[in-house]
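Each remark here refers to the structure printed beneath this line.
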Amino acid sequence: GIQVEQSPPDLILQEGANSTLRCNFSDSVNNLQWFHQNPWGQLINLFYIPSGTKQNGRLSATTVATERYSLLYISSSQTTDSGVYFCAVEGSGNTPLVFGKGTRLSVIA
Amino acid sequence: DSGVTQTPKHLITATGQRVTLRCSPRSGDLSVYWYQQSLDQGLQFLIQYYNGEERAKGNILERFSAQQFPDLHSELNLSSLELGDSALYFCASTPTGGNYGYTFGSGTRLTVV
């Protein structure tokens, strides 16, 4: 099945700093989503982005489907951005969403 | 509120017992997915239902079963529970057609003692 690799596995930032999270996937995809899992365990959908670029406030994401990677940018990070960020992909065979292992982000004041 | 409702939010039960987790998808969504998140395995797909019928199966144990009812809500039944079944169980739904991705519920945290 499709493989999803995220990097870095852990990231510690000072409040106000910017960061880039990366997601590599092994095959063509119909769907790619970025999620934020907050400290209470909730999975919040950030972006549905199988290709192209999207922005939502301080967050933006870019997927280059032909090169099989996606990037999540967080600017001016805040302590509330802490948690685990997951990339998840759905392969071209309409197989269910496969998750990467996540990037654990800690933003310190 | 994502529109996907899961109950209960927390569940503590003893080994050997059986529990039922419930999920109501977003209004109009026909597909329901169940995922398990444990510390050592990450987020793993268990099973998918589409309009009442099983559509895909992942790494779901034989002790686990699910169904989707005519009103589209789904239940995940876990039996003969073991300590290792302790995890967060998520339900997600997707609309038919369109490209909107998966919407997840807030999960049920199961603790087996």
Which of rounded, prolate, oblate describes chain A, given a ≥ b ≥ c as roots of the alpha-carbon gyration tensor eigenvalues and a/c under 1.5 marking rounded, otherwise prolate only if a/b is larger than b/c? prolate
Return the value, in Å² to the nearest 100, of accessible area buried between chains A and B (probe 1.4 Å, both sides summed). 1200
Return the distance in nm (one decimal) between the two label points of a simple spin-label model at A:Ser75 and A:Glu5, each offset 7 Å from Cα along Cα→Cβ. 3.0
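Based on the Cβ-Cβ distance from B:Ser79 to B:Glu54, what FRET efficiency comes out when R0 is 22 Å, to the nearest 0.05?
Numbers: r = 18 Å, r/R0 = 0.81.
After rounding to 0.05, the efficiency reads 0.80.
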Give the cross-link partners of B:Lys9 among the aspartates and glutamates, using a straight C-alpha distance below 17 Å as the criterion and excluding same-chain residues fewer than 8 apart. B:Asp1, B:Glu75, B:Asp85
Distance between region A:8-50 and region B:50-101 - C-alpha centres, whole angstrom: 24
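Give me the net charge for the shell around B:Leu61: Cβ to Cβ below 10 angstrom, other residues only, Lys and Arg +1, Asp and Glu -1. Intermediate results must be reported in sequence, preceding the final value.
Values: positive: B:Arg63; negative: B:Glu62, B:Glu82, B:Asp85.
That sum, taken over residues with Cβ under 10 Å, equals -2.
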Using a Cα-Cα cut-off of under 21 Å, which lysines could be cross-linked to B:Lys57, ignoring same-chain neighbours fewer than 8 residues away? A:Lys101
Rounded to a whole number, the mean other protein chain Cβ count within 10 angstrom for residues of A:30-37 is 3
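Carbon-plus-sulfur fraction of the accessible area of chain B, 1.4 Å probe, in percent? Don't jump to the answer; show the numbers that get you there.
Working: 2570 of 5560 Å².
Its accessible area is 46 percent carbon and sulfur atoms.
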Would you please state which residues of region A:17-49 a label at A:Glu67 would reach in this model, taking the label point 7 Å out along Cα→Cβ and a backbone N cut-off of under 17 Å? A:20-29
Take the Cα of B:Val113, step 7 Å along the line toward its Cβ, and report every residue of region B:7-22 whose backbone nitrogen sits under 16 Å from that point. B:10-18
Formal net charge of residues neighbouring A:Lys101 (Cβ-Cβ distance under 13 Å; K, R +1; D, E -1): -1
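Take the Cβ-Cβ distance between A:Arg58 and B:Thr5 as r, set R0 to 22 Å, and report the resulting FRET efficiency rounded to the nearest 0.05. Can you show the working numbers first?
On the way: r = 29 Å, r/R0 = 1.32.
Using R0 = 22 Å, I get an efficiency of 0.15.
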If each of B:Arg63 and A:Asn18 carries a label point 7 Å out from its Cα toward its Cβ, how far apart are those two points in nm? 5.0
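The values are calculated or read from the model by the stated rules, or taken from the named source; none is laboratory data. Source: prediction; values computed, not measured. Every residue, glycine as well, gets a Cβ built from its backbone with ideal geometry; the counts of neighbours run over all protein chains shown. What goes into the accessible areas is simple: the full protein's heavy atoms, side chains included, and nothing from ligands, DNA or RNA. Shrake-Rupley method; radii C 1.70, N 1.55, O 1.52, S 1.80 Å.
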